[in-house]
Structure formats: structure tokens, C-alpha cells
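Below is one structure, written out as C-alpha cells; comments come after it.
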Ligand SMILES: Cc1cc2nc3c(=O)[nH]c(=O)nc-3n(C[C@H](O)[C@H](O)[C@H](O)COP(=O)(O)OP(=O)(O)OC[C@H]3O[C@@H](n4cnc5c(N)ncnc54)[C@H](O)[C@@H]3O)c2cc1C
């Protein structure tokens with residue numbers, strides 16, 4: 001697969017990601033921003049507390065920010081990031097290809113999808129996992145499941161196919177949005193609950209029971225916390241831990257906006273994005 005290279009990659013095209021990108025592009029670095037949708041910004045209908053733009057709609061602010069970055073030469077790529085690896089450089093994986101960069105900013109906003117299945121919380125850490133790369137090894141040779149129906153779930157199932165004895169994809173009533181490997185068993189019924197003695201042992205569905213030893217949750221799009229867990233980045237209650245310059249514990253990896261925690265406001269996301277962008281510029285200059 002052809003690897004495309006940028007100085008920096010930003011995962012998230014909301015106010016945090018675009019703000020970070022603006023600083024980097026204006027400092028003459030090549031930047032690619034991945035975005036899967038309009039994020040929370042585009043869900044805000046009328047914004048009355050953002051400086052200088054009373055009553056602006058989130059959709060308009062989103063469009064203006066993207067146009068501003070594009071006019072400066074920033075590359076906006078509509079597509080979901082499904083994997084992030086680090087080995088001195090960062091490699092971002094999408095369904096269409098792989099992209100590498102020396103610096104990366106996580107700006108994916110706040111995860112929307114939570115698991116509302118009875119037993120999911122009870123078996124968390126005792127069969128229910130949120131990271132195939134981190135925990136897959138514990139289930140080698142055992143039957144596992146993946147909960148999800150999109151690209152992120154496919155990425156997790158592809159990883160687990162090389163580790164587990166079998167992989168069942170539980171879409172929980174949703175239609176699979178992507179082509180899963182033919183070795184995956186597809187289970188599209190609604191899940192009623194998870195059961196087991198000490199550890200998870202089975203998924204009880206409306207149309208039957210599936211015996212599994214581990215269930216990997218991969219709902220919706222991969223969040224900053226999902227990427228962070230795989231890389232060993234410190235997180236605190238699903239928020240990425242950063243210092244005052246929005247640096248994580250991995251050199252060259254920054255995070256900004258709702259994914260680092262409260263106050264979940266556009267002004268904060270823009271400010272944190274600016275800090276992350278400036279810190280990334282400093283980091284990238286150290287290579288010159
Ligand atoms: C209904 C509603 C009303 C609001 N009203 C206000 C208000 O009036 N004032 C205010 O200050 N704040 C308001 N907010 C909060 C505000 O929208 C957020 O704080 C702000 O948008 C956070 O910016 P962000 O860049 O961190 O995340 P977001 O705006 O959520 O952007 C996240 C970006 O990441 C992308 N993304 C996520 N995962 C991936 C992936 N795996 N691959 C590629 N891209 C990915 C998304 O597509 C999106 O582009 C409101 C929020 C909502 C939901």
C-alpha cells in the first residue's frame with residue numbers, strides 16, 4: 001500500500017483540529033486533517049457564547065474553518081482514521097490507505113457511543129475489552145467477539161483473526177457498514193445481555209446464544225482514547241492526559257478539544273488546538 005507522508009496529521013476536523021492545523025500550515029509545514037463528519041460543532045444550531053460571532057450556526061463555523069484551512073494549503077481528507085501506530089513516526093490507517101507524519105494531533109471530540117448492554121459494565125476487564133491490540137493476546141486460541149458494525153470494528157476483527165480461535169462480529173441489530181473478512185462469523189441479532197460466572201462466557205441474543213471468552217467493543221468511529229490505549233498514552237477517565245502545551249507522554253503526539261476533557265466548549269477547543277499547533281510547530285522545527 002502506498003504510504004503518503006505529511007509533516008503532521010490531525011485526526012479530527014472540528015474547532016480543535018482545524019485550529020491546530022492553521023498554526024502548523026502557517027508555519028510552512030504540510031498538514032493533513034482527517035474528519036469523519038461535522039462532529040459536535042455541526043450539531044450546535046445557534047452559538048451565542050463564542051467570541052465575536054453571536055448566533056453563528058455550528059455548520060457555518062465548521063464550513064468556514066475548513067475553507068480557511070484549505071485556502072492556506074492544508075489538506076482536508078474526508079474519511080475515518082481507524083488505526084494509529086507509532087514507531088518513531090506516526091502511521092494513520094484509513095480504509096483507503098496509510099499516511100505517515102512526524103507529529104500527530106488527536107482532536108476527535110467526545111465519543112458518542114456507549115455500550116448500553118446489560119452486563120457490559122459488570123464484565124469490563126473480565127472479558128469485555130476496548131482495545132484488541134492491548135488485550136487480544138490474553139484471548140489467544142479462544143473464541144472472541146467484536147461489538148460494532150463499521151470500519152473500526154473491522155480493524156479490530158482483522159487484528160483478532162490472527163490471535164483468537166474464532167471471531168464473531170456482533171452488530172446488535174445494525175447493518176454491517178463494511179466488508180468484514182469472510183473468516184468472521186456475522187451475528188446481526190439484537191443482544192439481550194452478557195452472561196458468565198466470574199468472567200464473560202456468553203452473549204445472549206434475541207435469536208440464540210453465542211459462547212465467547214472475550215468481547216471487544218468497537219462501536220462507531222475510533223476515538224482519541226481508542227488510539228491512545230493502543231499506543232500506551234496516559235488517559236484519565238477516557239480523557240487524554242496532556243500537559244499545559246497539550247503534549248501527551250509520547251513525543252510528537254498532542255491532543256486538544258473535547259477529547260482532553262471539560263469544559264466541552266468551542267472556545268476551549270480552539271484555544272487548546274492553538275496550543276497543540278504551536279507545540280507541534282516547535283517539535284517539528286527540532287528536526288530541521
Ligand atoms: C447540540 C450541541 C450544542 C452545542 N452548543 C455549544 C455552544 O453553544 N457553545 C459552545 O461553546 N459549545 C457548544 N457545544 C460543544 C462544542 O460543539 C464542542 O465543545 C466542540 O465542537 C468541541 O470541538 P472538538 O474539535 O474537540 O470536537 P468536535 O467538534 O466534536 O469535532 C471532532 C472531529 O473529529 C472527527 N473524528 C472523530 N473521530 C474520528 C476518526 N476516527 N477519524 C477521523 N475523524 C474523526 C469528527 O468527524 C469531527 O470532525 C455544543 C455541542 C452540542 C452537541
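Points worth noting:
- Quarter of the Cα convex hull surface for region 164-250, i.e. its orientation-mean projected area (nm²): 7.9
- For the pair region 255-280 / region 50-104, the C-alpha centres are spaced 14 Å from each other.
- Here r is the Cβ-Cβ distance between residue 49 and residue 237 and R0 is 25 Å; the resulting FRET efficiency, rounded to 0.05, is 0.50.
- Compared with the dominant Cα axis of the chain, that is its longest principal axis, helix 151-161 is turned about 50°.
- Value of Rg to Rh for region 214-288 (Rh from inverse mean 1/r over Cα pairs, i.e. Kirkwood): 1.02
- Gaussian network model of the chain, springs between alpha carbon atoms under 10 Å - residue of 96, 40, 258 with greatest fluctuation: 96
- Each of 262, 195 was scored by other Cβ atoms within 10 Å of its Cβ. Listed from fewest to most, they are 262, 195.
- On the basis of the beta-carbon distance and an R0 of 30 Å, residue 95 and residue 165 show a calculated FRET efficiency of 0.65.
- Segment residue 87-residue 138, extension gain: residue separation times 0.36 nm, minus the distance between their alpha carbons: 16.0 nm
- Its Cα gyration tensor gives region 128-217 an equivalent ellipsoid, and the semi-axes of that ellipsoid, as √(5λ) in whole Å with the largest first, are 17, 17, 10.
- The chain: radius of gyration over Cα atoms, expressed as a fraction of 2.2 N^0.38 Å: 1.04
- Angle in degrees between helix 266-285 and the longest Cα principal axis of the chain, rounded to the nearest 10: 80
- Each residue, residue 71 and residue 204, gets one label point 7 Å from its Cα in the Cβ direction; the gap between the two is 5.9 nm.
- In degrees, nearest ten, helix 15-26 long axis to first principal axis of the chain (Cα): 50
Read-outs: derived from the displayed coordinates by stated rules, not from any lab. The shown structure was predicted, so the numbers you read here are calculated from the model rather than taken from an experiment. Here Cβ is always computed from backbone atoms with ideal geometry, including for glycine, and neighbour counts include all displayed protein chains.
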